[in-house]
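Written below as structure tokens is the structure these notes are about.
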Amino acid sequence: MSSQHRSMPNPFPGLRPFELEESHLFFGRDAQVAHLLQKLSSNRFTAVLGASGTGKSSLIRAGVLPRLYSGFLSKTGADWRVAIFRPGSSPFRNLAVALNQCRDSDSSQSPNTDDAAETLAILKRSSLGLVNFARYSLADNGNNNSSTTPNLLVVVDQFEEIFRFAAIVESDDEVADFVKVLLEGARNPAFPIYVLINMRSDFLGDCDRFFELPETINQGQYLVPRMTRDQCREAIEGPISMQAAGISRSLVNRLLNDRPESSDQLSLLQHALSRTWDRWDANGESGEIGIHDYERIGGMSDALAQQGDEIFFELTPEQQLIAEQIFKRITETGSDNRLTRRPDTLRQISEVVQASEVEIRRVIDIFRREGTSFLMPPPFVEVTSDSVIDISHESLIRNWPRLRQWADEENQSARVYLRLAENAQLYSRREVSLLHEPELTMAIRWREETRPRKAWADRYRSNFEDTMLFLEKSVAVIKKKARRRNRLTALAVVVLSFLTITAAFFGWDARRQRALAETQSKVAAAAHKEAMEQRAIADAARKEAMMQMQLADDARQEALQRRSPASSQSQRR
Ligand SMILES: Nc1ncnc2c1ncn2[C@@H]1O[C@H](COP(=O)(O)OP(=O)(O)O)[C@@H](O)[C@H]1O
Ligand SMILES: [Mg+2]
């Protein structure tokens, strides 16, 4: 049984949406597909709404389209041409390419670019662009008979991208014209033109920028419900049984219980299933897929981050840097911190990433290889310079911390540049002065760390050269001031040194004088002490002498008194 398993392709698309060809693997959405088709048949312009990751793109591609082709809408028949595209940064051009592809889908010829230019011209000529395309390119011999014209369904996937486009171009006019062409096409009674726009519901409020779009959405909208536990069970078990494989009951329950509450639950479930299948398949284990296979990929919460980091550390240090630059280029943080993808062609990516196209392609291929659907296009499509490189789903940005951090860094860097560019423009109009601290230090550090280039900056604002000049000027002025300050400081140092030496000299002299005085006073004190001692000795000697004199005097008196009686006796005789 295990050898059978190993030869079976993985039935789970991972992070990317299901495609039309994968409708046999698409489960759990039968009721919603029927409901949405009903909506579309009564409102030729229908908006499919829902949070990022609720399964909108998959619902349309693998649910609605196959049913249309099989004639589910009986009143319209099964003859459909479907132009499916993402507006990206050129909504009109991308619509023209998709229309040409669907027109030529019957023929074996590949659509040529001259035709695309012609279709683009038709689309842009008036708000009836879509109607005219149907009239001239789809109807037999360009006649006006709608009964001979196949139904045309225009699917604008990721409609919210037009808001970004509106923010980049100088005026909103082109985007407004694009919206008008869609609205007019779906309302024209002569041709069976249907429009499905698929949009993240957090952008719904932005639609009021376009005249009549809110009114039309009010009439026809379909909010994609979150899949219930039972529908998720179908989505797990269905694809596995299609491959004649099996999954243990306990793992199904574990997967259902591990789903997070957020709208990322379907992406995380899908990614975990795809990884678990690969791990089970690679180990060549016989029997059903079990909990141990699931646990080895890190479970639902860690599987994405674990796989992302595994691939990242597989790269050489140079490739890691390239990967970081690629992912930064194709993610975007909106004004209200809405994280979105920002697809770009390989050619444009290579203008920003500091590596050759070949080196960049090598890294992209690693992130989109079989079983690693981090980047699009899928592995079976060859990447050329004009291929659009995209993150497979926004949930990747939210659930792979490394990518989240890159997106934050990019956002931070863009904000510094935008502030600087704004100041540069105001400065050119003499409305503000050059940069001061602390902004200047921040800007210099930003320039050193990110080494911005024009191709990078143009994504955000086009006055890159002026901005860098403004920064240079600010630096030059600060340097000049610093030089002047240094000169003054040097002068101050000389003067201070002189003063210090002089003061030191005088200080020394004063000390010396003080020492002398001290010595003198000590000598004087000693002399005084000596004198006092001598005086005391002299006093003592004088006292001794006085005492001796007194004693001698006393002795003489005594002798005189002793002689006196003898002399008086002799006188009496
Ligand atoms: N019915 C389904 N069963 C299983 N996985 C699904 C189903 N529908 C969508 N997914 C998966 O959910 C994730 C988000 O789907 P997607 O169609 O891209 O959503 P959205 O367009 O709303 O962001 C993808 O990984 C996709 O493979
Ligand atoms: Mg989508």
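The values are calculated or read from the model by the stated rules, or taken from the named source; none is laboratory data. Only a predicted model underlies this, so the values are computations on that prediction, with no experimental measurement involved. All Cβ positions, even for glycine, are placed from backbone atoms using ideal geometry, and neighbour counts span all protein chains on display.
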In region 221-243, anything within 12 Å of ligand 1 (Cβ to nearest atom), part of a loop (DSSP other than H, G, I, E, B) and touching a residue at least 40 places away in the same chain (Cβ under 8 Å) is listed as V224, P225, R226, M227
> Just wondering, is there one or more residues in region 486-498 that are aromatic (F, W, Y), surrounded by 14 or more Cβ atoms within 10 Å (Cβ to Cβ) and either on the phi > 0 side of the Ramachandran plot or not assigned by TED's automatic domain parsing to the domain that holds R164 (or both)?
Replying inline: no
Of the residues in region 182-202 that are surrounded by fewer than 20 Cβ atoms within 10 Å (Cβ to Cβ) and under 10 Å from L49 (Cβ atoms), the one that is nearest to ligand 1 (Cβ to nearest atom) is S201
All-but-one check, L213 against (1) buried (at least 20 other Cβ atoms within 10 Å of the Cβ); (2) within 19 Å of F165 (Cα to Cα); (3) in contact (Cβ under 8 Å) with a residue 40 or more places away in the chain, failing number (3)
Practice problem: Could you tell me whether region 405-422 includes any residue that is within 29 Å of L339 (Cα to Cα), among the acidic types (D, E), surrounded by 17 or more Cβ atoms within 10 Å (Cβ to Cβ) and not assigned by TED's automatic domain parsing to the domain that holds F374? | Solution: yes
The residue from V97, V48 that alone is outside the structural domain of A282 (by TED's automatic domain parsing), on the phi < 0 side of the Ramachandran plot, within 15 Å of ligand 2 (Cβ to nearest atom) and among the hydrophobic types (A, V, I, L, M, F, W, C) is V48
Exactly one of M227, M199 is under 33 Å from the mean Cα position of the chain (by Cα) and over 24 Å from G334 (Cβ atoms), and that residue is M227
Selection over region 123-132 where residues are more than 13 Å from A186 (Cβ to Cβ) and touching a residue at least 24 places away in the same chain (Cβ under 8 Å) yields a count of 2
Going through (1) on the phi > 0 side of the Ramachandran plot; (2) surrounded by 16 or more Cβ atoms within 10 Å (Cβ to Cβ); (3) away from ligand 1 (no atom under 16 Å from the Cβ) one by one, Q158 fails only at (3)
Listed by first then second residue, the pairs whose first member lies in region 90-116 and is over 21 Å from E161 (Cα atoms) and at pLDDT below 80, whose partner is assigned to a loop (DSSP other than H, G, I, E, B) and hydroxyl-bearing (S, T, Y), with beta carbons under 8 Å and at least 6 positions apart or on separate chains, are D104/S110
Per the list (1) crowded, with 20+ Cβ neighbours inside 10 Å; (2) modelled with pLDDT of 95 or more, residue check on P401 breaks on (1)
Residue pairs qualifying under the 6 Å Cβ cut-off, at least six apart or on distinct chains, with the first in region 17-41 being outside the structural domain of I60 (by TED's automatic domain parsing) and farther than 17 Å from G71 by Cα and the second being among the hydroxyl-bearing types (S, T, Y) and within 16 Å of ligand 2 (Cβ to nearest atom), are P17/S57; P17/S58; F18/S58
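Being away from ligand 2 (no atom under 16 Å from the Cβ) and touching a strand residue (DSSP E or B) at 6+ places or on another chain (Cβ under 7 Å) is the requirement here; does L204 meet it?
Considered against the rule, which asks whether it is away from ligand 2 (no atom under 16 Å from the Cβ) and touching a strand residue (DSSP E or B) at 6+ places or on another chain (Cβ under 7 Å), L204 comes out as no.
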- Query: Got at least one residue in region 5-20 being more than 16 Å from ligand 2 (Cβ to nearest atom), among the charged types (D, E, K, R) and not in a loop (DSSP other than H, G, I, E, B)?
  - Reply: yes
Every listed condition ((1) of a type in the set (D, E); (2) part of a loop (DSSP other than H, G, I, E, B); (3) touching a Leu at 6+ places or on another chain (Cβ under 8 Å)) holds for D390 save (2)
Filter result for A421 (at pLDDT below 95 and aliphatic (A, V, I, L, M)): no
Going through region 452-467 in order, the residues found to be more than 17 Å from the chain's Cα centre (by Cα) and not aliphatic (A, V, I, L, M) are R453, K454, D458, R461, S462, N463, F464, E465, D466, T467
* To do: Answer yes or no as to whether S58 is over 30 Å from K124 (Cβ atoms) and not hydrophobic (A, V, I, L, M, F, W, C).
  => yes
